[in-house]
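Data first, discussion second: the structure below is written as structure tokens.
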Amino acid sequence: CPLPGLSLLTVGVVGHYGITDSNGVIYDFAGHFYIHMSEHVLAFGAPSRTVPLSTILTESQLAKADSAISTTCREYMRHKYSFVCDNCHHFVAHILNQLGYRDNKSGAMSLAAYARFHMTRVPRAVRRGAAEASRIENATINR
């Protein structure tokens, strides 16, 4: 999802990244010792670009994806967030590396470049719908 101001200044290369498991739950490393989980939005808003893992991973890699996400979440719950050295990009790259994507050479910067040029934009109406669904979900949980 775009980060206000920063994504605009960096021509869309900088933004917030997450990964979805086979049940449709989005996981993103959002701060010190914190993994945000939601069925609708990332920690900072609705996704604006996507790439189906099935287009970049083999069937055997996909079968291991939920386990890799779970393992990485447990590990990153012990990490301090660093805007430069250990962030949401590193979190997603770590999961892809566990799955053997690109022979474990998926770095945070190559992930950002891939996202900029190969991911599909999510229509604005879908993003608004996801944000609204998240607000309703949060209002229900908070009551």
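Against the test of being surrounded by fewer than 17 Cβ atoms within 10 Å (Cβ to Cβ) and of a type in the set (Val, Ile, Thr), the options 56, 35, 19 yield a single qualifying residue, 56. When restricted to residues that are within 14 Å of residue 89 (Cα to Cα) and either more than 14 Å from the chain's Cα centre (by Cα) or acidic (Asp, Glu) (or both), the stretch 16-48 contains 1. Could you tell me which residue of the stretch 72-119 is modelled with the lowest pLDDT, considering only residues that are outside any helix (DSSP H, G or I), of a type in the set (Ser, Thr, Tyr) and surrounded by 11 or more Cβ atoms within 10 Å (Cβ to Cβ)? Ranking the candidates gives 106 first. Look at residue 67 and say whether it is at pLDDT 90 or above and assigned to a helix (DSSP H, G or I). Against the criterion (at pLDDT 90 or above and assigned to a helix (DSSP H, G or I)), residue 67 qualifies. Number of residues in the stretch 49-64 that are under 11 Å from the mean Cα position of the chain (by Cα) and either without any contact (Cβ under 8 Å) to a residue 12 or more places away in the chain or in a loop (DSSP other than H, G, I, E, B) (or both) equals 1. The residue of the stretch 38-52 that is nearest to residue 66 (Cα to Cα), among those that are open to solvent by less than 40 Å² (accessible area, probe 1.4 Å) and β-branched (Val, Ile, Thr), is 51.
Only one of the numbered conditions (1) more than 20 Å from residue 15 (Cα to Cα); (2) at pLDDT 75 or above is violated by residue 27, and that is (1).
The values are calculated or read from the model by the stated rules, or taken from the named source; none is laboratory data. Values in this document were obtained by computation on a predicted structure and should not be read as measured data. Glycine also receives a Cβ, built like all others from the backbone with ideal geometry; neighbour counts cover every protein chain displayed. Ligands, DNA and RNA are excluded from the accessible area calculation, which covers all protein heavy atoms including side chains. Shrake-Rupley method; radii C 1.70, N 1.55, O 1.52, S 1.80 Å.
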